[in-house]
Amino acid sequence: MLYTKPMIELVMQIRKWMPSELKPDVKLANPNLFNVLAQHYHNNCEVITKALIKELFSLAGGNWPVLLQTQAAVKPKSRIKVYRGQTTLEDKPAELTLNKNTANKPKRMYRGVVIQD
(Lines give C-alpha, C1' and ligand atoms only; values in the text may rest on other atoms or scores of the structure.)
Protein backbone atom coordinates (compact mmCIF):
# COMPACT_ATOMS: atom_id res chain seq x y z
CA MET A 1 0.00 0.00 0.00
CA LEU A 2 1.20 3.48 -0.79
CA TYR A 3 0.92 5.96 2.05
CA THR A 4 0.17 9.62 1.43
CA LYS A 5 1.48 12.41 3.64
CA PRO A 6 -1.82 12.80 5.61
CA MET A 7 -1.90 9.03 6.18
CA ILE A 8 1.67 9.05 7.52
CA GLU A 9 0.81 11.89 9.90
CA LEU A 10 -2.28 10.01 11.11
CA VAL A 11 -0.24 6.86 11.77
CA MET A 12 2.22 8.90 13.82
CA GLN A 13 -0.62 10.43 15.86
CA ILE A 14 -2.24 7.03 16.36
CA ARG A 15 1.07 5.63 17.56
CA LYS A 16 1.27 8.46 20.08
CA TRP A 17 -2.14 7.55 21.54
CA MET A 18 -1.63 3.76 21.55
CA PRO A 19 -0.82 1.85 24.73
CA SER A 20 2.85 1.02 25.16
CA GLU A 21 2.39 -2.70 24.50
CA LEU A 22 0.96 -2.02 21.02
CA LYS A 23 3.40 0.68 19.90
CA PRO A 24 5.90 -1.79 18.34
CA ASP A 25 3.13 -3.05 16.01
CA VAL A 26 2.08 0.43 14.86
CA LYS A 27 4.75 1.21 12.28
CA LEU A 28 4.55 1.99 8.59
CA ALA A 29 6.86 -0.94 7.86
CA ASN A 30 4.39 -3.40 9.43
CA PRO A 31 2.39 -5.12 6.65
CA ASN A 32 -0.38 -5.98 9.15
CA LEU A 33 -0.76 -2.41 10.40
CA PHE A 34 -4.38 -2.03 9.32
CA ASN A 35 -5.36 -5.39 10.81
CA VAL A 36 -3.77 -4.44 14.14
CA LEU A 37 -5.55 -1.08 14.11
CA ALA A 38 -8.91 -2.66 13.23
CA GLN A 39 -8.54 -5.13 16.09
CA HIS A 40 -7.62 -2.35 18.52
CA TYR A 41 -10.54 -0.24 17.24
CA HIS A 42 -13.06 -2.89 18.27
CA ASN A 43 -11.41 -3.53 21.64
CA ASN A 44 -11.39 -1.01 24.44
CA CYS A 45 -9.70 2.00 22.92
CA GLU A 46 -10.08 5.72 23.57
CA VAL A 47 -12.47 7.86 21.58
CA ILE A 48 -9.68 10.00 20.14
CA THR A 49 -7.84 6.90 18.93
CA LYS A 50 -11.04 5.58 17.36
CA ALA A 51 -11.55 8.85 15.48
CA LEU A 52 -7.96 8.83 14.19
CA ILE A 53 -8.19 5.18 13.09
CA LYS A 54 -11.50 5.84 11.34
CA GLU A 55 -10.00 8.81 9.49
CA LEU A 56 -6.97 6.74 8.45
CA PHE A 57 -9.17 3.94 7.10
CA SER A 58 -11.32 6.39 5.16
CA LEU A 59 -8.19 7.87 3.56
CA ALA A 60 -6.96 4.37 2.69
CA GLY A 61 -10.22 3.61 0.86
CA GLY A 62 -10.95 0.21 -0.64
CA ASN A 63 -12.37 -2.40 1.75
CA TRP A 64 -10.67 -0.96 4.84
CA PRO A 65 -13.57 1.20 6.12
CA VAL A 66 -15.83 -1.89 6.05
CA LEU A 67 -13.72 -3.49 8.81
CA LEU A 68 -14.70 -0.69 11.18
CA GLN A 69 -18.41 -0.80 10.37
CA THR A 70 -18.99 -4.34 11.63
CA GLN A 71 -19.68 -3.12 15.17
CA ALA A 72 -20.84 0.40 14.34
CA ALA A 73 -24.29 -0.23 15.83
CA VAL A 74 -22.92 -0.84 19.34
CA LYS A 75 -20.40 1.96 19.57
CA PRO A 76 -21.32 4.79 21.92
CA LYS A 77 -21.77 8.26 20.57
CA SER A 78 -19.14 10.78 21.48
CA ARG A 79 -19.08 14.47 22.22
CA ILE A 80 -16.45 17.16 22.00
CA LYS A 81 -15.50 18.80 25.27
CA VAL A 82 -13.42 21.97 25.45
CA TYR A 83 -11.89 22.90 28.80
CA ARG A 84 -9.41 25.76 29.08
CA GLY A 85 -8.56 25.54 25.41
CA GLN A 86 -7.91 21.76 25.49
CA THR A 87 -10.23 19.83 23.17
CA THR A 88 -11.08 16.22 24.02
CA LEU A 89 -13.54 13.63 22.76
CA GLU A 90 -15.61 11.81 25.38
CA ASP A 91 -18.23 9.11 25.31
CA LYS A 92 -21.70 10.36 26.09
CA PRO A 93 -23.02 8.94 29.35
CA ALA A 94 -25.91 6.54 29.05
CA GLU A 95 -29.20 8.27 29.69
CA LEU A 96 -30.93 7.14 32.81
CA THR A 97 -34.66 6.53 32.84
CA LEU A 98 -36.25 7.77 36.02
CA ASN A 99 -39.87 7.57 37.01
CA LYS A 100 -41.79 10.86 37.17
CA ASN A 101 -41.83 11.11 40.95
CA THR A 102 -38.06 11.10 41.41
CA ALA A 103 -37.30 13.15 38.29
CA ASN A 104 -39.16 16.27 39.45
CA LYS A 105 -38.36 16.05 43.15
CA PRO A 106 -35.00 17.53 44.18
CA LYS A 107 -32.78 15.50 46.49
CA ARG A 108 -32.30 16.88 49.95
CA MET A 109 -28.69 16.91 51.11
CA TYR A 110 -27.08 17.41 54.49
CA ARG A 111 -23.28 17.59 54.65
CA GLY A 112 -22.93 15.65 51.42
CA VAL A 113 -25.33 12.86 52.38
CA VAL A 114 -28.74 12.38 50.75
CA ILE A 115 -31.59 12.58 53.28
CA GLN A 116 -34.20 9.86 52.89
CA ASP A 117 -37.82 10.98 53.22
Looking only at the range 14-29, and only at residues there that are within 23 Å of Gly61 (Cβ to Cβ) and open to solvent by 90 Å² or more (accessible area, probe 1.4 Å), the one that is farthest from the chain's Cα centre (by Cα): Ala29
Odd one out for Lys5 among (1) of a type outside the set (A, V, I, L, M); (2) at pLDDT 90 or above; (3) surrounded by 11 or more Cβ atoms within 10 Å (Cβ to Cβ): (3)
Filtered residue count, the range 52-72, keeping only those that are at pLDDT 85 or above and surrounded by 15 or more Cβ atoms within 10 Å (Cβ to Cβ): 7
Condition check for Lys81: surrounded by fewer than 16 Cβ atoms within 10 Å (Cβ to Cβ) and touching a strand residue (DSSP E or B) at 6+ places or on another chain (Cβ under 9 Å): yes
Qualifying residue in the range 33-40 (condition: out of contact with any Ser or Thr (no Cβ under 7 Å at 6 or more places or on another chain), small (Gly, Ala, Ser) and surrounded by fewer than 16 Cβ atoms within 10 Å (Cβ to Cβ)): no
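The values are calculated or read from the model by the stated rules, or taken from the named source; none is laboratory data. All figures in this text were calculated on a predicted structure; none of them were measured in a lab. Every residue, glycine as well, gets a Cβ built from its backbone with ideal geometry; the counts of neighbours run over all protein chains shown. Protein only, heavy atoms only, side chains kept; ligands, DNA and RNA dropped before computing areas. Shrake-Rupley method; radii C 1.70, N 1.55, O 1.52, S 1.80 Å.
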